[in-house]
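**Q** Structure provided below as structure tokens; questions to follow.
The values are calculated or read from the model by the stated rules, or taken from the named source; none is laboratory data. Keep in mind that this is a model prediction, so the values were computed, not measured. Quick reminder, even Gly has a Cβ in these numbers, built from the backbone with ideal geometry, and neighbours come from all protein chains shown.
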Amino acid sequence: MEGKSKRVVALAPYERGWSNVELIKDCGLIPYLLYKNHGCTVSMVGARGDDYSYLDKYVKGLEMDFLPNGSVEAKADYIIENAKQIDALILRGCYSSNFIPARLYKQLNPAGHIYVGLDANSHWMDRIIWTDADFIEFMDHCDVIATSCIAMQRHLNEKWPWIIEHIPNGYYNFGSSNTPPDFNVKENVIVTVGRLGTSQKATEVLLDSFALIAERIPDWNLKLVGSIENDFHSFIDSYFDLYPHLKERIIFTGPIEEREALAEQYRKAKVFALPSTFEGGTPNVISEALNAGCVIAVTEIDAYAEAIDYGRCGISAGINDMPGFAHALLALCTNENLFDLLKYAYQYGQNHFHMEKIVAKLYYMIFAGEK
């Protein structure tokens, strides 16, 4: 298989190690699929940061090399020792903690490749002083620079002198079955998945929106999957004091770590709701929802148009616009062509967010036909 001899290292961002959940997101899936589908020898490198229960369960064969700590010095020592054996260095974000490892890598192995996934959103990118000398040097060292959001890619290509590619956060099926969802057994359920109650996820917008339209969709339920922030419990208590009749229609499942069990929650639902105030590119939950054949109600984060294919499989509302978000949910739940929209959403996800296709494209971009 082409690429058997390629050695790839994914270096943890910031001064920390990789988290367990990152192993099954794009951070870990890109290295894993470079190993699994393209024969690369791959290591995820950083301080030990978790129990890594997903390592043998979902990404078996992916190696992890642990540094003494997450400092820039520890990363620099690793690069100095290993640079000449690394064919490609994968970095996450244009953080200053990546500047020295990138510089050392290119000094010691000029023929090596650097891929950086920007993890970009407009708020953060527009605060970067891109004329800073150290930032320019870092970006010049990177051979492939990408963001997961088309709108962000266009914005940065207009603003910056570097070529910014589009590498979306795709979906990878960890289960044994790769069959399309059965649209006939889907339930009248709106689902959301995430860290419930954080300011980013704006869970209160979703709950208030559902309360506003609940009487108009009496046969629909709302399901919220994920951990609940401690200070959000008081909001939930007050909410059910105000809307006691909704207790039986709103289900908090708690976090679901088993990937097949989580996939089943998506596959049962018809509508996926994402009321976030911001996201870093196209969030993983979008590709997960589309793969399960869910239509999308989303606030106008950077990647909102891409998430709903410009209105073909979902509806958007303004950020923190509760009446607008309620309207989006109601319009989707009562759409007479909802069955067709569900099928379109699934096919759109397969065409644009299939992780194995995405990594195959990235492999070619990094190595440009090298044997």
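**Q** At least 1 residues that are of a type in the set (Ser, Thr, Tyr) in each: list the strands (runs of 3 or more DSSP E) lying fully within segment 118-217 that qualify.
**A** The qualifying strands (runs of 3 or more DSSP E) are 144-147, 189-193.
**Q** In segment 287-322, how many are out of contact with any strand residue (DSSP E or B) (no Cβ under 8 Å at 6 or more places or on another chain) and under 20 Å from Lys201 (Cα atoms)?
**A** The qualifying residues number 4.
**Q** List the residue pairs whose Cβ atoms are under 7 Å apart, where the first residue sits in segment 70-82 and is without any contact (Cβ under 8 Å) to a residue 60 or more places away in the chain, the second is surrounded by fewer than 18 Cβ atoms within 10 Å (Cβ to Cβ) and of a type in the set (Val, Ile, Thr), and the two are 6 or more positions apart or on different chains.
**A** Val72/Ile100; Ala76/Ile100
**Q** Give, as residue ranges, the helices (runs of 4 or more DSSP H) completely inside segment 254-371 that count at least 3 residues that are more than 30 Å from Lys6 (Cα to Cα). Working first, answer last.
**A** Details: elements: 259-268, 284-291, 304-307, 322-333, 338-352, 355-367.
Passing ranges, in order: 259-268, 284-291, 304-307, 322-333, 338-352.
**Q** For the subset of segment 117-144 comprising residues that are hydrophobic (A, V, I, L, M, F, W, C) and out of contact with any strand residue (DSSP E or B) (no Cβ under 9 Å at 6 or more places or on another chain), which member is farthest from Ile301 (Cα to Cα)?
**A** By that ranking, first place goes to Ala133.
**Q** Let me ask something else about it. Taking only segment 185-238 into account, find how many residues are surrounded by 14 or more Cβ atoms within 10 Å (Cβ to Cβ), under 20 Å from Leu290 (Cβ atoms) and among the aliphatic types (A, V, I, L, M).
**A** Residues in segment 185-238 being surrounded by 14 or more Cβ atoms within 10 Å (Cβ to Cβ), under 20 Å from Leu290 (Cβ atoms) and among the aliphatic types (A, V, I, L, M): 8 in total.
**Q** So, one more: Looking at segment 71-111, which of its residues are more than 26 Å from Val359 (Cβ to Cβ), at pLDDT 95 or above and small (Gly, Ala, Ser)?
**A** Ser71, Ala74, Ala76
**Q** Give segment 43-97 a look and list any residue that's crowded, with 19+ Cβ neighbours inside 10 Å and among the charged types (D, E, K, R), or say none.
**A** Hits for segment 43-97 are Lys75, Asp87, Arg92.
**Q** Give the residue, chosen from Leu274, Leu362, Leu290, Leu342, that is over 26 Å from Asp119 (Cα atoms), at pLDDT 95 or above, of a type outside the set (Asp, Glu) and in contact with a helix residue (DSSP H, G or I) (Cβ under 7 Å, 6 or more places away or on another chain).
**A** Just one listed residue meets the conditions, Leu342.
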